[in-house]
Amino acid sequence: MNHRKLDRRVARTRNLLRQALVSLMTEQSYDSITVQNILDRADVGRSTFYSHYRDKEELLISGMDEILHSLILTLEHPDNCDHQKILSTEPLFQHAQDEFQLHKAIMGGQGINLMVHKIQKHLGQHVEEELEKWFHDDVSPNVPISLLGHHVASVLLTLLRWWFDNNKPYTPGQMDSMFQKLVMPGIMEFMKSKT
């Protein structure tokens, strides 16, 4: 059999299984989902599932890197570093609006802590990298940059979850504006600290 055809079949099967899990997570808690539920939703056989994954946890985690990469790519740093924004979150909120089921499954009431913690860690690292671009040799912050990155990521995830829980009452642009108002004063104060 052609290796390329096999690769396409493997990718298709894994995608079906991930979509089935995400779909189920929008309807019920992760803990209550069984492998059989996933098989039924994906219309995939048990032996096929186990040829790809040990259990539903491995299935869940397997899609995380792809999802995280996609999320991080949406966080655009403004081209002109005028220190008015740490990063533009409007594309993230737009992505969340466009891919509502996926984000709701991850972040909403039916999400699970494992995924939220992993997302927060990656977002925190991304924010930390952005902050390090801002600092000059004459700035010696009195709070570790890693802590500030974690704080900014926490605010962003809290806003995202609130937005979902309240049925997206504001546009992605409005959410980005509110995010900036919540985090930028603290970041600007943080940048003033000198040795």
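The values are calculated or read from the model by the stated rules, or taken from the named source; none is laboratory data. None of the values given here were measured: they were computed from a predicted structure. Positions of Cβ are generated from backbone atoms using ideal geometry, with glycine treated the same way; all protein chains shown enter the neighbour counts.
Among the residues of segment 48-87, those identified as at pLDDT 75 or above and part of a helix (DSSP H, G or I) are THR48, PHE49, TYR50, SER51, HIS52, LYS56, GLU57, GLU58, LEU59, LEU60, ILE61, SER62. Of all the residues in segment 111-147, those that are modelled with pLDDT under 80 and more than 15 Å from the chain's Cα centre (by Cα) number 14. Is it the case that some residue within segment 148-169 is at pLDDT below 75 and either more than 13 Å from the chain's Cα centre (by Cα) or among the aromatic types (Phe, Trp, Tyr) (or both)? Within segment 148-169, not a single residue is at pLDDT below 75 and either more than 13 Å from the chain's Cα centre (by Cα) or among the aromatic types (Phe, Trp, Tyr) (or both).
Evaluate the following for GLU90: is it buried (at least 17 other Cβ atoms within 10 Å of the Cβ), closer than 17 Å to ASP176 by Cβ and modelled with pLDDT of 80 or more? For GLU90, the condition - buried (at least 17 other Cβ atoms within 10 Å of the Cβ), closer than 17 Å to ASP176 by Cβ and modelled with pLDDT of 80 or more - is met. Is one or more of the residues making up segment 12-25 farther than 22 Å from PHE100 by Cα, free of Cβ contacts under 8 Å to residues at least 40 places away in the same chain and of a type outside the set (Phe, Trp, Tyr)? Yes, there is a match, as at least one residue in segment 12-25 is farther than 22 Å from PHE100 by Cα, free of Cβ contacts under 8 Å to residues at least 40 places away in the same chain and of a type outside the set (Phe, Trp, Tyr).
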